[in-house]
Amino acid sequence: MYLADSRGAKAGDPEDPSVPGPRRRPTAVPGTVLALGTVSLITDVSSEMVSAVLPLYVVAGLGLSPLGFGLLDGINNGIGALVRLLGGHLADRGGRAHKTVAALGYGLSALAKPLLLFAHTIPLISAVLAVDRTGKGLRTAPRDAMISLATEPAHRGRAFGVHRAMDTTGALLGPLAAFGILGVAADGYDAVFTLSACAAALGVLVLLLFVPSYRKQEGEPPARLTFRESAALLRIPALRRLTLCAVLLGLTTVSDAFVYLLIQRELVLPAHLFPLLPLGTAAAFLLLAVPMGMLADRIGRRRLFLVGHAALLLGYALVLRPPVHSAVVVVPVLLLLHGAFYAATDGVLAAATADTVPASAQGAGQALVGTGQALGRFGCSLAFGAAWSAWGGPTALATAATALAVSALVAAQILRTGHRESA
C-alpha cells in the first residue's frame, strides 16, 4: 500500500524543517516505484524487441514503402497520445482505478504481441499496432500518477529518474535480444514475436502481484472528474503554463529517427553502425536519469527541463557544424547530449507536473501535459519531414534549431513569470 510517503510535508510533520527535534528519514524511492520500474523494464524489453524488427519486417517482408511505414507509425503514435487523455481521466476515478487502468493498458499491449504472429497484411498489422498504442496511451498517465502519489514531493525527481532508468534498461535489452534471436532462429520474426508476448505477459503479472493500489488519505476529496472538469484543470495557472511550454518545445523537437539519419549522413557514419545510434542515446539516458532527477530536486524541475533543451540545441549545432570531421570523436558526444536531453526532460517533466495538481487529479494532469507534448512532437515530425523534402536535411535542422532556441527563450519567460506570480 501507499504509505505516508505519498503526501507532502505539512507544518508539524517530522519532515517540516521548521520543526525542531529528530526527524524521520523519508524513503526517497518507495517500493511502489521500484515495482513499477520493474514492470516498465520487462514491458520495454517486449516492446523494443518488436520495434527493432518491425520496420524491416514490414518493409522488406511485406513490401510496404518506407513512407507508408512512417505514416502508419505516425498515425498509431497519434492514437496513443490521444488515448492518454482517456487513461488519465479514468485513473482519477478513485479506489483502485490507477492500477486498474494501468493494468488494462499493459494488458492490451500484451495481447497485441501474439496477434502479430497472425497478421500478415498491412491492414491487420495496422490494427494490431493500434491496439498496442492504445494500451500504451492508457497506461502512461496512471503509471506516472502512481509514482507521484507514492513519493514525497521533495524526492519526485529522483523517483522518476529511477523509474526512467529502469525503463531505459529494457529499451537497451530489447533490441539486443531481438537481433540475437534473428541471428540464431530459423524463423526469426515469429520467434521474436513469441518471446515478446511472453515478456509482455510477465510484465502484467508483476504489475498485478507487486504494485499496490493507491489508498486515499484521510480527508482527501473523492475523485469523480468529468471530462470537462479534467480539461478545466488547465485553469490552474501553473499547469497551464507547463502544458503550454511542453507543447511549444515539443513543436520544435525533431524526431529521433530524423536526428539519427542526419548524424549518419552529415558525419558519413558507416551504414552498418546506424543501429547503434539509438542504443547510444539509451545508454546515456540510463546513466544520467537518476543523477538528473536528483539534480532536478535540488535546483528546480522546470529549470532543468529548460537546460535539457539547451543540451539538445547544442547537439543540433554539432550535427550542423562539427568541430572535427571524425565521426569517432563527434558521434559519442552527440549521443551523450541526446541522452542527457531525455534524462533532463522525460521524468523531470512528469515530476514538475505532479507539483501543479492535487492528488485527486494526478492522472488527468499527467495526461494533459504528456498529450500536449506528444502532439507537439508529432506536428514537428510532419513539418520536419516536409521541410527536409523541400530544403534538404541540414537546412531543415538549422530551421528547427532556430525555432527551438526561440521557443526555449519564450518558455523560460513563461515559467519565470509564473514563478514570480507564485512567490
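Computed over the Cα atoms of region 232-423, the ratio of the radius of gyration to the Kirkwood radius (Rg/Rh) comes to 0.99.
Helix-only mean residue ellipticity at 222 nm, the chain, DSSP H runs n ≥ 4 weighted -39,500 (n - 2.57), per residue, nearest 500. What is it? Taking each H run of at least 4 residues, the total per residue is -26000 deg cm²/dmol.
Charge tally for A310 (other residues, Cβ to Cβ under 14 Å; Lys, Arg +1; Asp, Glu -1): +2.
Could you tell me which of rounded, prolate or oblate describes the chain, using a ≥ b ≥ c as the square roots of the eigenvalues of the alpha-carbon gyration tensor, with rounded for a/c under 1.5 and, failing that, prolate when a/b is larger than b/c and oblate otherwise? Because a/c hits 1.5 or more and a/b fails to exceed b/c, the chain counts as oblate.
Can you tell me how much longer the chain between I299 and H120 gets when fully stretched, taken as 0.36 nm per residue apart minus their C-alpha distance, in nm with one decimal?
Full extension of this stretch gives 59.3 nm more.
Net charge near S196: determine it from the other residues with C-beta under 12 Å of the C-beta of S196, scoring Lys and Arg +1 and Asp and Glu -1. Net of charged neighbours comes to -3. Electrostatic bookkeeping for A110 treats Lys and Arg as +1 and Asp and Glu as -1; over the other residues with beta carbon under 14 Å from its beta carbon, the sum is +2. Under the membrane-span-like helix rule (DSSP H runs whose alpha carbons stretch at least 30 Å along the helix axis, mean Kyte-Doolittle hydropathy 1.0 or higher), the chain yields 31-56, 188-210, 276-299, 327-354.
Throughout, read-outs are computed from the coordinates displayed, never taken from laboratory work. This one's a predicted model, so the numbers in the text were calculated from it and none came from an experiment. Positions of Cβ are backbone-derived with ideal geometry, glycine not excepted, and every protein chain shown enters the neighbour counts.
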